[in-house]
Structure formats: C-alpha cells, structure tokens
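*Asks:* Have a look at this one before I ask anything.
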Amino acid sequence: MSARAKTESRVSEVRLSAWVHGHVQGVGFRWYVRSRALELGLTGYATNTRDGRVHVVAQGEKTACEQLLAKLNSGETPGRVDLVVDSWQEPGEPISGFSER
C-alpha cells in the first residue's frame, strides 16, 4: 500500500469514546458491546467504571463506529441504557482486538 493510500484510509478512521449510563453493569453489556464491535471490524474496549457507567472506546471506520453507537442507543442492549454521551477523535495508537476490561 502506498503512503498516500495509507493516509487516505486513515482519514476515514475515527475513535469513538462513549460513556454509557444506566443499568449496564452485571448484565452482559460489555460482552454485547465486544460482540457487536468485532462484527463491525472495530478495535477497542469496554470497561466498567466505579460510578456504574460503562466506557466504550472503539476505533475504526467512521461508518462502523456510527453503527456501534446506534446499537448502544437502540434499546436492544442487555440491561437498560438511559444515556450515551459520545465524543469523536482522530484515531489514536492502534488497538489490538476488542476487549472487556
């Protein structure tokens, strides 16, 4: 792949950071997020936070990240999602796979 092609493919990549509020711990939510992210070809992680939220970081194609965000907001996740606060960044260092932390 040429340097230009690598740069162009990197341009369409993003990093999504989503803070998921609600009853999302102890219900298989991180497993659900990991499964959907892998189906979409994303890398990243989903981690529980001390205050009961789940922090999702997904990196890859922008359309795939948008699809994951739509799934988080769909009402079809395990548990109960009350609110998803998302932010978008340029892709960071490569992340290997998608893990539950």
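Derivation of every value follows stated rules applied to the coordinates shown; laboratory data play no part. This one's a predicted model, so the numbers in the text were calculated from it and none came from an experiment. Cβ atoms come from the backbone with ideal geometry, glycine included; neighbour counts cover every protein chain shown.
*Asks:* Would you calculate the volume per residue, in Å³, of the smallest convex hull containing every Cα atom of the chain? Write out the running numbers ahead of the final one.
*Replies:* Values: hull volume 9.0 nm³, N = 101.
Here the figure is 89 Å³ per residue.
*Asks:* Can you work out ³J(HN,Hα) from phi for every residue in the range 50-59, in order, using Karplus 6.51 cos²θ - 1.76 cosθ + 1.60 and θ = phi - 60°, giving whole Hz and x for Gly and Pro?
*Replies:* 3J(HN,Hα) across the range 50-59, in whole Hz: 4, 8, x, 7, 10, 9, 10, 10, 10, 10.
*Asks:* Let me have the relative contact order for the chain, percent, based on Cα pairs under 8 Å that are six or more residues apart. List each step's numbers first, then the result.
*Replies:* On the way: 194 pairs, mean separation 42.6, N = 101.
Rounded, it is 42 percent for the chain.
*Asks:* At a Förster distance of 22 Å, what's the computed FRET efficiency of Glu61 paired with Arg101, Cβ-Cβ distance as r, to 0.05?
*Replies:* 0.45
*Asks:* Let me ask you something else. Provide the per-residue ³J(HN,Hα) series for the range 22-29, in order, calculated from phi with Karplus coefficients 6.51, -1.76, 1.60 and θ = phi - 60°, each as a whole number of Hz, with x at glycine and proline positions.
*Replies:* Per residue, the Karplus-derived 3J(HN,Hα) values read x, 8, 10, 10, x, 10, x, 5 Hz.
*Asks:* Using a 10 angstrom cutoff on alpha carbons, build the Gaussian network for the chain and name the most mobile of Leu69, Leu42, Leu83.
*Replies:* Looking only at Leu69, Leu42, Leu83, the largest GNM fluctuation is found for Leu83.
*Asks:* Give me the net charge for the shell around Tyr45: Cβ to Cβ below 10 angstrom, other residues only, Lys and Arg +1, Asp and Glu -1.
*Replies:* +2
*Asks:* Please give the helix 62-72 orientation as an angle from the longest Cα principal axis of the chain, in degrees from 0 to 90, rounded to the nearest 10.
*Replies:* 0 degrees
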